């Protein structure tokens, strides 16, 4: 497969450090895929080939690993990927309303990317933040909790200005009561 | 010696066998899908559950603790264990589904889980009839499914590679195919993608499953997920008849089964032989079956005017054969044996002609340098090079062969596609009168003056000596015009053969080829020439060879059958060269 992707020397150095951590090269697959995703924004088949080549592992193995984890993007995504949780707690607290609001606002459906390549929306399973439902995660990173339509407007505006929202610590009810 | 108690019966064992293999080796059964004796045991199908316990032992004295009845106290594993990955220890107590309701229930529940997303398409599935999932569901599975919602849908008819087609919905993700590419063929071409409820085996994107051994994954697939693109939907398993045979496309002598229906060979599958190929065979060899069915020479043909061949009668063929010989001296006749023909055929040819007066016999080896691997493919492209040599045929190079043909007046050529494989050009066969005994219509048979059809490996019982000097034999699978399944005791019958009649619409007389074994042809020729040669069946010919040729000492069909082939003494593995 002809490959248009290439790791920078810094990436390769980082991969070497990763490899040095393990007695075998296979466990380095996951962190190396992260290095690739950070560099290219996704791990498309071509990137999977690059990772396999770099680690000298079978491509099939890298493919198997990459397809298991939803956090690795197997196709090109927007600069910001909005993972809106729609599992039970979020669903009951309006997760789908938030999802649909986002869809209308950005003019795309869940699973799609805006034309300018800024945003992708995904409807995802539980992210383990049921206490702050409804919530979403931005590009495998910051959680945005207790979503409302206004809050979503704000988040989108700040992302358009390339500013990630701050992580907000939300105490669990029992903690807030005590303080 | 360490002991183990399985279903209340005591067995002794040595080393550290795995429980499932030990149970199978002792003629008992535990259902399983993912385990394969040649590969690692990942224990991921969870079907081979058994209840296992070990005796409680006093750590200081090493004595077994006994209960009030004087029986050993058994400490059971808290959960069922997968027997495929369970290492046996001294004093272990095992209950399989035969002696434990609990185990039977656990296996049934596992099966229900495996079947949840499995489509109910057995009626159109190629695997039906030889499907471990189907068989074991009947034996150990639940009677119905409690799963009432829609099954998960996965890709169907995926062309994994040039020879293998995947139906992902049928897959139970046992990973046998993945492990095959990792551990046996070493190409690492397959992986399980999208692990979860939508998982199935696939190649990496942009890659093809073109492993030279890819079709073995079809054989070991315990369901109908991986199917042979060539054999797909051609025949139901129970319509076919299975006959043990030998692969003739290479020097390894891979043991195979020929699957026939109405005297057509429909597929080849590997047959287990621990000394040769174990469970595997190369893809290359699987297409050999087309040669048994297609382009067969039926009835002798003779060159009439110019280069046109016309069909002729057997009488005329034998008569012409004899007349052409009688017109020349034995020294002017070149007799070419063949590494592509069996020991018996070459022997019959040699004996007849040496009785008539021919002294030297030649054959042209068929070796492709660099074709072999360290596994089942060999540089030697012929199944019987060592056998022909042992009979006394001398290996002859292409140049010497051309010169010999030029100086001969009559050439007798036993089944060997010399022109097709580039040893000779068709113009080399122009000058002498060439009589070929052949199975298939080829460029070679077209360039000869008299073509006499002989049986191929699928139609006769005959022996072949592989590159390692191991002699193995075939059994007839296809009837010719002159043989009959019910009369030839070497032949077996499938259901359609047994219960069908000639008037059934699935029976086609045309599938029977008008040909005879070489030794019968030699009988007729010998009789016409007034020679004192007489051959019986190939079994008797082998006895004759064994008593007259020291290389074949002690060889007989009975022994070959009992021992799955015989290693000939004085023949070790040395590469044949061109």
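The values are calculated or read from the model by the stated rules, or taken from the named source; none is laboratory data. In this text, all values refer to a predicted model and were calculated from it rather than measured experimentally. Note: ideal-geometry Cβ built from the backbone for every residue, glycine included; neighbour counts use all protein chains shown.
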Contact list, first residue from the range A:64-77 and farther than 12 Å from residue A:37 by Cβ, second anywhere and in a helix (DSSP H, G or I), beta-carbon distance below 7 Å, six or more apart or interchain, is A:65/A:29; A:65/A:30; A:65/A:33
For residue B:321: the one exception among (1) at pLDDT below 95; (2) assigned to a helix (DSSP H, G or I) | (1)
Any residue in the range B:360-368 that is under 23 Å from residue B:550 (Cβ atoms), touching a helix residue (DSSP H, G or I) at 6+ places or on another chain (Cβ under 9 Å) and in contact (Cβ under 8 Å) with a residue 60 or more places away in the chain?
-> yes
Determine which single condition residue B:309 fails, assuming it passes every other condition in (1) more than 30 Å from residue B:130 (Cβ to Cβ); (2) under 19 Å from the mean Cα position of the chain (by Cα).
-> (2)
Hey, among A:66, A:20, which residue is out of contact with any strand residue (DSSP E or B) (no Cβ under 8 Å at 6 or more places or on another chain) and either closer than 14 Å to residue A:122 by Cα or within 12 Å of chain B (Cβ to nearest Cβ) (or both)?
-> A:66
Residue list for the range A:29-59, restricted to those being closer than 18 Å to residue A:70 by Cα and more than 14 Å from chain B (Cβ to nearest Cβ) | A:31, A:32, A:34, A:35, A:36, A:37, A:38, A:39, A:40, A:41
Residue tally, condition over 13 Å from residue B:102 (Cβ atoms) and either outside any loop (DSSP other than H, G, I, E, B) or in contact with a helix residue (DSSP H, G or I) (Cβ under 8 Å, 6 or more places away or on another chain) (or both), over the range B:64-80 | 5
Mind checking whether some residue in the range B:406-423 is free of Cβ contacts under 8 Å to residues at least 12 places away in the same chain, surrounded by fewer than 23 Cβ atoms within 10 Å (Cβ to Cβ) and under 30 Å from residue B:214 (Cα atoms)?
-> yes
Filter result (more than 24 Å from residue B:326 (Cβ to Cβ) and over 34 Å from the mean Cα position of the chain (by Cα)) within the range B:407-427 = B:427
Could you tell me which numbered condition residue A:78 fails, if it satisfies all but one of (1) more than 14 Å from chain B (Cβ to nearest Cβ); (2) more than 14 Å from the chain's Cα centre (by Cα); (3) more than 26 Å from residue A:131 (Cα to Cα); (4) crowded, with 20+ Cβ neighbours inside 10 Å?
-> (2)
From (1) buried (at least 16 other Cβ atoms within 10 Å of the Cβ); (2) closer than 24 Å to residue A:135 by Cβ, pick out the condition that doesn't hold for residue A:46.
-> (2)
Out of all the residues in the range B:532-548, which are without any contact (Cβ under 8 Å) to a residue 60 or more places away in the chain, over 19 Å from residue B:322 (Cβ atoms) and not in a helix (DSSP H, G or I)?
-> B:536
Strands (runs of 3 or more DSSP E) contained in the range B:450-531 and holding at least 2 residues touching a helix residue (DSSP H, G or I) at 6+ places or on another chain (Cβ under 6 Å) = B:450-453, B:463-465
Okay, strands (runs of 3 or more DSSP E) sitting entirely in the range B:130-244 with 2 or more residues that are within 14 Å of chain A (Cβ to nearest Cβ) and crowded, with 20+ Cβ neighbours inside 10 Å, I get B:190-193, B:200-203
Filter result for the condition that a residue is within 22 Å of the chain's Cα centre (by Cα) and assigned by TED's automatic domain parsing to the domain that holds residue B:339, over B:466, B:384 | B:384
